[in-house]
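Worksheet: one structure, shown below.
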């Protein structure tokens with residue numbers, strides 16, 4: 001269970017300790033109270049011993065002495081023999097002043113008074129004795145004795161009262177002391193009862209706390225343990241109330257988790273064994289278990305199928321290995337036996353039962369106990385014949401590429417265009433070794449490209465499957481040579497690459513330059529020729545017309561017809577020259593390309609053809625708006641005018657021309673289509689019609705010099721586009737051309 | 001052989017010594033009856049103090065040797081330690097506490113003047129100025145009378161109560177200052193006829209109060225045993241019976 005720091009549970013030990021302390025305090029308090037009570041009782045008893053008992057004894061002695069005093073007084077007052085009453089009187093005096101009768105002031109005072117009376121009694125007895133001794137008056141002596149006796153008699157009551165008072169005092173002392181002892185006993189009893197109740201309360205609370213915090217959790221834990229032992233689901237344990245129970249629950253939880261994990265591991269192990277058995281039997285890979293000497297102990301069906309075997313009796317794995325692979329196999333097996341390696345993997349050949357060879361990706365792993373030598377081996381073989389074949393084919397293709405005369409290389413667009421592969425022709429092209437080439441990036445060999453441009457080029461190449469560009473390369477010695485590079489995007493192992501195919505275009509450029517010069521000369525020749533031919537032609541036509549006008553009446557019909565042919569030829573020649581001049585001027589006199597409105601151009605073309613449209617009854621429609629394109633407005637008017645004119649001119653007989661213009665965007669270009677319902681063009685003429693002075697019909701069938709579509713083609717190509725026709729004979733035509741979008 | 005004899009001697013010495021230690025010499029003053037009774041040959045035959053001494057020694061388990069002596073001699077020998085216990089009906093004074101140990105009180109006493117019957121009552125303050133007074137030496141009574149104003153000759157110190165009574169009857173002194181109880185036997189005797197207490201006992205704390213047995217200062221353990229024995233006889237009634245045998249009233 002993860003620790004719950006924040007959760008700080010109270011300690012059962014502390015609680016028990018607190019209860020024990022409380023109990024001890026209560027017990028101590030009770031003991032203290034009992035001791036105090038005992039002490040009080042002891043004090044009371046001690047007080048009784050030291051105070052009450054002596055007081056009582058004192059009073060007992062006093063009472064006894066009072067009794068004696070009464071007796072001595074009576075003897076003193078009544079005894080016949082003077083010896084007796086005198087001794088009694090002396091003794092009574094000694095007694096009257098004895099401390100035993102002086103502990104109480106009132107007692108002492110009354111006793112002294114009684115003694116004073118006794119002294120009077122003794123004095124009277126002495127007088128009576130003197131009377132008797134003198135024999136003067138016996139009767140008088142008797143009277144005096146009676147007086148003495150009468151004087152003493154009340155004193156007995158006084159002394160008896162004193163005795164009663166002392167008895168009452170003693171009784172009161174005893175009662176007081178007994179009351180005090182009784183109160184102390186009562187308090188002791190109450191304290192004992194209260195202490196017992198508190199102890200019972202604490203004991204009950206302790207029992208409740210122990211039951212709640214210890215017994216119940218322990219019972220729950222015991223039940224959880226029994227459930228765990230029985231493999232049953234363990235109900236959630238109540239939240240521990242004390243740290244000790246939490247620790248115990250944590251321990252039981254860990255034990256339960258450990259047992260649960262052990263069960264899971266056992267199940268997983270059993271399932272794993274089943275899976276392994278299934279994998280072993282159902283695996284497409286050949287799996288074989290051998291003993292320490294390579295004797296096959298167990299093999300799955302794939303192994304038998306791979307090698308065309310029916311069983312593995314007395315089969316040793318070494319015997320299946322191709323002889324050429326045995327040395328390497330033996331070397332690795334020995335290393336494994338020495339403990340240097342635990343497994344090895346190699347592509348090797350096995351010999352099937354029919355003698356054929358099968359390539360396998362073999363993995364052999366040793367099974368050993370500790371550091372002991374392997375006692376078993378597990379071999380897993382996967383048929384890689386197809387892969388080996390493909391690798392050989394790839395190797396062959398690689399050889400072809402490497403040996404190609406054309407430089408081919410590959411750069412990493414994500415590494416600044418660093419060259420990552422180059423064939424021999426590339427090395428030869430640059431005159432640089434491959435090792436050095438593989439450290440170079442595009443700006444290192446293309447002086448026109450900086451790093452930013454290289455990145456843009458890489459991005460362009462990645463966005464397009466194939467990209468062809470002309471540039472220059474700096475080769476060994478610093479020479480700059482023009483090249484055409486065809487860049488293609490490749491992907492290998494999830495990583496994009498750009499493959500470049502270099503073509504040295506120095507010869508081609510030289511040829512193109514020669515062609516361009518030739519074209520320029522020819523164009524200059526055509527221009528000069530057409531321009532310079534116009535004047536003599538105009539002169540011939542003028543003089544022929546003058547000759548016809550002046551001498552026509554003098555000529556016969558043949559002569560006039562001849563002149564007419566001559567004039568007509570001159571006029572056609574003039575038209576030819578003008579068309580040729582226009583054709584030659586497309587490149588030389590063209591305006592810079594600019595954004596133009598194709599719909600405006602179409603309208604202008606229609607306006608120029610208004611007479612022909614009206615005369616033929618043609619209808620020209622398009623869906624506005626037509627796009628804006630990059631172009632030479634004058635040339636594009638001529639382009640559309642030529643195409644619309646052809647559609648009107650080559651309309652089907654008896655049918656009004658219906659011409660539809662449409663435009664469709666494809667990438668950076670617009671494809672413009674001019675469709676008609678005319679006579680159509682047989683497919684074999686689809687290329688020819690764009691050649692100069694090529695006509696499909698006789699001169700008399702349709703007017704024209706046969707240069708119109710050639711001009712169209714020239715104009716479209718000057719704009720970087722293409723023009724072609726889609727048509728079938730007698731089924732209308734669709735002329736399509738492309739123009740770069742504005 | 002000598003060694004064995006030496007060891008035997010040591011053993012005998014070690015066993016005999018405790019027995020010697022249990023022997024206690026008790027001094028008893030030869031006061032008047034009923035405290036001491038003596039045979040004509042001077043041997044102690046009975047009396048309250050003698051019986052009490054024997055009773056306490058018995059309860060203590062001690063072998064006591066009772067020796068009659070005078071009061072002054074007893075005080076001196078207890079101070080010296082030759083008497084381990086002394087019975088002399090002593091009152092406790094600070095001076096005596098410096099020299100001897102006192103037991104728990106054994107009875108209470110007062111002191112009274114004794115004169116001839118019919119004589120004017122003696123006033124303590126002027127007693128020595130008006131009469132010759134007999135007292136026992138080294139007693140509290142002697143100390144009291146010595147402090148009274150009056151002629152030095154008017155204080156007649158003697159050694160015993162018998163000499164005090166003789167002094168009275170023979171005219172050597174006009175009065176005597178004695179413990180009240182000590183006089184009872186004298187007054188009851190033929191010699192005491194014509195004599196009586198002179199008024200109430202003297203109201204002076206030095207002359208009345210508790211009477212103690214004294215123990216030599218060097219024997220506190222003996223004092224403890226003595227007190228314990230006295231407590232025992234007091235508790236079991238033996239002491240009260242003893243008192244009843246010798247006194248007409250309870251002197252405790």
**Message:** Name the single residue that is farthest from the other protein chains (Cβ to nearest Cβ) among those in segment A:124-142 being surrounded by 14 or more Cβ atoms within 10 Å (Cβ to Cβ) and touching a residue at least 12 places away in the same chain (Cβ under 8 Å).
**Reply:** A:141
**Request:** Name the residue, out of B:216, B:241, that is surrounded by 16 or more Cβ atoms within 10 Å (Cβ to Cβ) and assigned by TED's automatic domain parsing to the domain that holds residue B:99.
**Result:** B:216
**Pick from segment A:488-502, criterion within 20 Å of residue A:434 (Cβ to Cβ) and in contact with a strand residue (DSSP E or B) (Cβ under 6 Å, 6 or more places away or on another chain), ranking: surrounded by the fewest Cβ atoms within 10 Å (Cβ to Cβ)** = A:490
**Asked** Is at least one residue of segment A:109-119 assigned to a helix (DSSP H, G or I), facing another protein chain (nearest Cβ under 10 Å) and in contact with a strand residue (DSSP E or B) (Cβ under 6 Å, 6 or more places away or on another chain)?
**Response** no
**Item:** Any chance residue B:241 is more than 14 Å from chain A (Cβ to nearest Cβ) and more than 20 Å from residue B:98 (Cβ to Cβ)
**Value:** no
**Prompt:** Which strands (runs of 3 or more DSSP E) does segment A:320-424 wholly contain that include 3 or more residues that are within 30 Å of residue A:487 (Cβ to Cβ)?
**Reply:** A:408-412, A:418-422
**Request:** Can you tell me which residue among B:223, B:187 is closer than 30 Å to residue B:55 by Cβ, within 14 Å of chain A (Cβ to nearest Cβ) and either touching a residue at least 24 places away in the same chain (Cβ under 8 Å) or in contact with a strand residue (DSSP E or B) (Cβ under 9 Å, 6 or more places away or on another chain) (or both)?
**Result:** B:187
**Item:** Selection from segment A:462-488 of residues that are under 23 Å from residue A:427 (Cα atoms) and in contact with a helix residue (DSSP H, G or I) (Cβ under 7 Å, 6 or more places away or on another chain)
**Value:** A:467, A:473, A:474, A:475, A:476, A:481, A:482, A:487
**Request:** Restrict the check to segment B:193-215 and report whether at least one residue is within 14 Å of another protein chain (Cβ to nearest Cβ) and in a helix (DSSP H, G or I).
**Result:** no
**Asked** Among the candidates A:70, A:75, which residue alone is free of Cβ contacts under 8 Å to residues at least 24 places away in the same chain, more than 10 Å from chain B (Cβ to nearest Cβ) and in contact with a helix residue (DSSP H, G or I) (Cβ under 7 Å, 6 or more places away or on another chain)?
**Response** A:75
**Item:** Residue tally, condition assigned to a helix (DSSP H, G or I) and touching a helix residue (DSSP H, G or I) at 6+ places or on another chain (Cβ under 8 Å), over segment A:567-591
**Value:** 17
**Request:** Can you tell me which residue within segment A:90-108, out of those that are more than 8 Å from chain B (Cβ to nearest Cβ) and either in contact with a strand residue (DSSP E or B) (Cβ under 8 Å, 6 or more places away or on another chain) or at pLDDT 85 or above (or both), is farthest from residue A:170 (Cα to Cα)?
**Result:** A:92
**Complete:** Note: among A:248, A:306, just one is within 30 Å of residue A:354 (Cα to Cα) and part of a helix (DSSP H, G or I), namely A:306
**From A:54, A:82, residue being within 13 Å of another protein chain (Cβ to nearest Cβ), surrounded by fewer than 19 Cβ atoms within 10 Å (Cβ to Cβ) and touching a residue at least 40 places away in the same chain (Cβ under 8 Å)** = A:82
**Request:** Would you mind finding the one in B:124, B:105, B:179 that is within 14 Å of chain A (Cβ to nearest Cβ) and within 27 Å of residue A:83 (Cβ to Cβ)?
**Result:** B:179
**Scope segment B:81-126; condition under 14 Å from the mean Cα position of the chain (by Cα) and either without any contact (Cβ under 8 Å) to a residue 40 or more places away in the chain or in a helix (DSSP H, G or I) (or both); matching residues** = B:96
**Request:** State whether the residues of segment B:67-80 include one that is in a loop (DSSP other than H, G, I, E, B) and under 30 Å from residue B:232 (Cα atoms).
**Result:** yes
**Request:** Identify the single condition in (1) more than 30 Å from residue A:91 (Cβ to Cβ); (2) within 14 Å of chain B (Cβ to nearest Cβ); (3) touching a helix residue (DSSP H, G or I) at 6+ places or on another chain (Cβ under 7 Å) that residue A:49 does not satisfy, given that it satisfies every other one.
**Result:** (3)
**Request:** Taking the options B:139, B:169, name whichever one is away from chain A (no Cβ under 14 Å) and crowded, with 24+ Cβ neighbours inside 10 Å.
**Result:** B:139
**Request:** Would you please name the residue that is nearest to the chain's Cα centre (by Cα), looking only at residues in segment A:382-430 that are touching a residue at least 12 places away in the same chain (Cβ under 8 Å) and surrounded by fewer than 11 Cβ atoms within 10 Å (Cβ to Cβ)?
**Result:** A:403
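The values are calculated or read from the model by the stated rules, or taken from the named source; none is laboratory data. All values derive from a computational prediction rather than experimental measurement. Note that each Cβ is placed from the backbone with ideal geometry, even for glycine, and that neighbours are counted across all protein chains shown.
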